[in-house]
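Asker: Supplied in C-alpha coordinates, the structure appears directly below.
The values are calculated or read from the model by the stated rules, or taken from the named source; none is laboratory data. Being a predicted model, the structure only gives us computed values, none of them experimental. Every residue, glycine among them, receives a Cβ derived from its backbone with ideal geometry; neighbour counts consider all protein chains shown. The accessibility values were calculated without ligands, DNA or RNA, using every heavy atom of the protein model including side chains. Shrake-Rupley method; radii C 1.70, N 1.55, O 1.52, S 1.80 Å.
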Amino acid sequence: EPALVINLLRLTNSVGVGARARITSVRHAISVLGRRQLQRWLQLLLFSRGADVDLSRNPLLQLAALRGRFMELLVERLHPGQKELGDPAFITGLMSVVPAALGMSMTDVLAQIAVGSDVRLALARKEGALGQLFALVERYDENDIPGTQALLGAYGGAGTPGMLGEVLAESLAWVQQLGMDAE
(Lines give C-alpha, C1' and ligand atoms only; values in the text may rest on other atoms or scores of the structure.)
Protein backbone atom coordinates (compact mmCIF):
# COMPACT_ATOMS: atom_id res chain seq x y z
CA GLU A 1 0.00 0.00 0.00
CA PRO A 2 1.90 3.09 -1.23
CA ALA A 3 0.04 5.56 1.02
CA LEU A 4 0.83 3.43 4.05
CA VAL A 5 4.53 3.36 3.18
CA ILE A 6 4.59 7.11 2.57
CA ASN A 7 2.89 7.81 5.90
CA LEU A 8 5.25 5.42 7.68
CA LEU A 9 8.31 7.15 6.21
CA ARG A 10 6.85 10.58 7.07
CA LEU A 11 6.22 9.46 10.63
CA THR A 12 9.66 7.98 11.16
CA ASN A 13 11.41 10.97 9.61
CA SER A 14 9.55 13.42 11.86
CA VAL A 15 11.37 15.29 14.58
CA GLY A 16 9.39 13.53 17.32
CA VAL A 17 10.83 10.11 16.48
CA GLY A 18 14.39 11.37 16.94
CA ALA A 19 16.17 9.35 14.25
CA ARG A 20 19.70 10.58 13.60
CA ALA A 21 19.77 9.54 9.94
CA ARG A 22 17.11 9.88 7.26
CA ILE A 23 14.87 6.81 7.10
CA THR A 24 14.61 5.52 3.54
CA SER A 25 13.29 1.97 3.81
CA VAL A 26 10.35 0.25 5.46
CA ARG A 27 12.69 -2.14 7.30
CA HIS A 28 14.69 0.77 8.73
CA ALA A 29 11.48 2.63 9.64
CA ILE A 30 10.14 -0.36 11.56
CA SER A 31 13.42 -0.83 13.42
CA VAL A 32 13.55 2.87 14.39
CA LEU A 33 9.90 3.16 15.31
CA GLY A 34 9.67 -0.10 17.23
CA ARG A 35 7.03 -2.79 17.08
CA ARG A 36 4.78 -1.34 19.74
CA GLN A 37 4.65 2.20 18.36
CA LEU A 38 4.17 0.80 14.87
CA GLN A 39 1.25 -1.28 16.13
CA ARG A 40 -0.37 1.82 17.69
CA TRP A 41 0.07 3.79 14.49
CA LEU A 42 -1.41 0.97 12.36
CA GLN A 43 -4.36 0.59 14.70
CA LEU A 44 -5.13 4.28 14.31
CA LEU A 45 -4.81 4.01 10.52
CA LEU A 46 -7.15 1.03 10.45
CA PHE A 47 -9.58 2.92 12.62
CA SER A 48 -9.62 5.73 10.07
CA ARG A 49 -10.86 3.21 7.45
CA GLY A 50 -8.50 4.36 4.72
CA ALA A 51 -9.59 7.99 4.86
CA ASP A 52 -6.99 10.68 4.39
CA VAL A 53 -5.58 10.51 7.88
CA ASP A 54 -4.83 13.85 9.44
CA LEU A 55 -4.80 13.30 13.17
CA SER A 56 -4.35 17.00 13.85
CA ARG A 57 -7.67 17.80 12.11
CA ASN A 58 -9.80 14.76 12.88
CA PRO A 59 -11.46 15.09 16.31
CA LEU A 60 -12.89 11.56 16.27
CA LEU A 61 -9.51 10.06 15.47
CA GLN A 62 -7.97 12.22 18.21
CA LEU A 63 -10.57 10.97 20.68
CA ALA A 64 -9.92 7.35 19.67
CA ALA A 65 -6.17 7.82 20.17
CA LEU A 66 -6.75 9.63 23.46
CA ARG A 67 -9.08 6.93 24.78
CA GLY A 68 -6.67 4.20 23.76
CA ARG A 69 -3.67 5.82 25.40
CA PHE A 70 -5.70 6.80 28.48
CA MET A 71 -6.82 3.20 28.99
CA GLU A 72 -3.28 1.92 28.43
CA LEU A 73 -1.85 4.30 31.02
CA LEU A 74 -4.61 3.44 33.50
CA VAL A 75 -3.51 -0.19 33.29
CA GLU A 76 0.05 0.87 34.14
CA ARG A 77 -1.14 2.87 37.15
CA LEU A 78 -3.99 0.73 38.47
CA HIS A 79 -2.89 -2.77 37.41
CA PRO A 80 0.93 -2.49 37.53
CA GLY A 81 1.45 -6.25 37.77
CA GLN A 82 -0.62 -6.94 34.64
CA LYS A 83 1.40 -5.51 31.75
CA GLU A 84 -0.36 -7.92 29.37
CA LEU A 85 -3.50 -5.76 29.76
CA GLY A 86 -1.80 -2.75 28.11
CA ASP A 87 -2.44 -3.68 24.48
CA PRO A 88 -6.04 -4.86 25.03
CA ALA A 89 -6.65 -1.66 27.04
CA PHE A 90 -5.45 0.45 24.12
CA ILE A 91 -7.70 -1.48 21.72
CA THR A 92 -10.65 -1.13 24.11
CA GLY A 93 -10.22 2.63 24.25
CA LEU A 94 -9.77 2.88 20.51
CA MET A 95 -12.76 0.66 19.77
CA SER A 96 -14.98 2.54 22.21
CA VAL A 97 -15.28 5.35 19.65
CA VAL A 98 -16.07 3.11 16.66
CA PRO A 99 -19.88 3.17 17.11
CA ALA A 100 -19.86 6.97 16.82
CA ALA A 101 -17.54 6.82 13.81
CA LEU A 102 -19.64 4.24 11.97
CA GLY A 103 -23.09 5.19 13.22
CA MET A 104 -23.64 1.67 14.55
CA SER A 105 -24.36 0.17 17.93
CA MET A 106 -21.51 -1.47 19.83
CA THR A 107 -23.37 -4.77 19.52
CA ASP A 108 -23.38 -4.46 15.73
CA VAL A 109 -19.72 -3.45 15.65
CA LEU A 110 -18.69 -6.38 17.83
CA ALA A 111 -20.67 -8.78 15.65
CA GLN A 112 -18.49 -7.80 12.68
CA ILE A 113 -15.00 -7.81 14.17
CA ALA A 114 -12.71 -10.21 15.96
CA VAL A 115 -11.36 -8.92 19.27
CA GLY A 116 -10.18 -10.71 22.37
CA SER A 117 -12.77 -11.85 24.87
CA ASP A 118 -11.51 -9.36 27.47
CA VAL A 119 -11.98 -6.48 25.02
CA ARG A 120 -15.38 -7.81 23.93
CA LEU A 121 -16.59 -8.07 27.57
CA ALA A 122 -15.30 -4.59 28.33
CA LEU A 123 -17.01 -2.97 25.35
CA ALA A 124 -20.25 -4.94 25.44
CA ARG A 125 -20.90 -5.19 29.18
CA LYS A 126 -18.17 -3.25 30.99
CA GLU A 127 -17.08 -6.48 32.67
CA GLY A 128 -13.65 -7.61 33.75
CA ALA A 129 -10.64 -5.47 34.55
CA LEU A 130 -10.85 -3.65 31.20
CA GLY A 131 -14.59 -3.16 31.61
CA GLN A 132 -14.06 -1.50 34.99
CA LEU A 133 -11.44 0.81 33.47
CA PHE A 134 -13.69 1.56 30.51
CA ALA A 135 -16.57 2.42 32.86
CA LEU A 136 -14.19 4.68 34.79
CA VAL A 137 -13.13 6.46 31.59
CA GLU A 138 -16.74 6.99 30.57
CA ARG A 139 -17.71 8.41 33.99
CA TYR A 140 -14.66 10.68 33.90
CA ASP A 141 -15.47 11.81 30.32
CA GLU A 142 -19.02 12.63 31.41
CA ASN A 143 -17.72 14.62 34.40
CA ASP A 144 -19.71 12.28 36.66
CA ILE A 145 -17.75 13.02 39.84
CA PRO A 146 -19.69 10.72 42.19
CA GLY A 147 -19.59 7.88 39.64
CA THR A 148 -15.88 8.43 39.00
CA GLN A 149 -15.08 8.46 42.71
CA ALA A 150 -17.12 5.32 43.31
CA LEU A 151 -15.23 3.45 40.58
CA LEU A 152 -11.88 4.80 41.81
CA GLY A 153 -12.65 3.41 45.27
CA ALA A 154 -12.03 -0.13 43.97
CA TYR A 155 -8.36 0.76 43.45
CA GLY A 156 -7.63 2.00 46.95
CA GLY A 157 -4.97 4.68 47.28
CA ALA A 158 -3.76 4.20 43.71
CA GLY A 159 -7.04 5.51 42.27
CA THR A 160 -7.38 9.23 42.85
CA PRO A 161 -8.85 12.10 40.85
CA GLY A 162 -5.36 13.61 40.75
CA MET A 163 -3.98 10.45 39.16
CA LEU A 164 -6.73 10.61 36.51
CA GLY A 165 -5.74 14.20 35.74
CA GLU A 166 -2.08 13.19 35.37
CA VAL A 167 -2.98 10.29 33.08
CA LEU A 168 -5.23 12.55 31.01
CA ALA A 169 -2.46 15.14 30.64
CA GLU A 170 0.03 12.46 29.60
CA SER A 171 -2.48 11.02 27.12
CA LEU A 172 -3.21 14.44 25.63
CA ALA A 173 0.52 15.11 25.21
CA TRP A 174 0.89 11.76 23.43
CA VAL A 175 -1.99 12.51 21.05
CA GLN A 176 -0.62 15.96 20.37
CA GLN A 177 2.78 14.46 19.56
CA LEU A 178 1.12 11.96 17.21
CA GLY A 179 -0.56 14.85 15.40
CA MET A 180 2.73 16.70 15.04
CA ASP A 181 4.55 13.57 13.87
CA ALA A 182 1.96 13.01 11.17
CA GLU A 183 2.46 16.50 9.67
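Asker: What nm value, rounded to one decimal, do you get for the distance between Q112 and N143 when each label is placed 7 Å out toward the C-beta?
Answerer: Roughly 3.3 nm, to one decimal.
Asker: Order the following by accessible area, largest value first: Y140, Y155. Probe radius 1.4 Å; ligands, DNA and RNA are ignored.
Answerer: Details: Y140 65, Y155 35 Å².
Order by accessible area, largest first: Y140, Y155.
Asker: Based on alpha-carbon atoms only, what is the radius of gyration of segment 136-180 relative to the globular estimate 2.2 N^0.38 Å? Kindly include the intermediate steps, with their values, before the conclusion.
Answerer: On the way: Rg = 12.0 Å, N = 45, 2.2 N^0.38 = 9.3 Å.
Here the answer is 1.28, to two decimals.
Asker: Which of A64, A124, G165 sits closest to the plus end of the dipole of segment 58-183, meaning its Cα is farthest towards the positive end, when Lys and Arg get +1 and Asp and Glu get -1 on the C-beta?
Answerer: After comparing all options, I get A124.
Asker: Also, I was wondering about something else. Compute, for segment 68-183, the length of the dipole vector about the Cα centre, with Cβ point charges of +1 (Lys, Arg) and -1 (Asp, Glu) only. Units Debye, rounded to 20.
Answerer: 300 debye
Asker: List the relative contact order of segment 62-133 as a percent without decimals, with contacts defined as Cα pairs under 8 Å and 6+ residues apart.
Answerer: Normalised by residue count, the contact order of segment 62-133 is 29 percent.
Asker: Give me the mean projected area, in nm² to one decimal, of the convex hull enclosing the Cα positions of segment 88-183.
Answerer: Computing the convex hull of the Cα atoms and averaging its projections yields 7.1 nm².
Asker: Now a separate question. In whole percent, what relative contact order does segment 95-183 give with Cα contacts below 8 Å and a gap of six or more residues?
Answerer: This gives 12 percent for segment 95-183.
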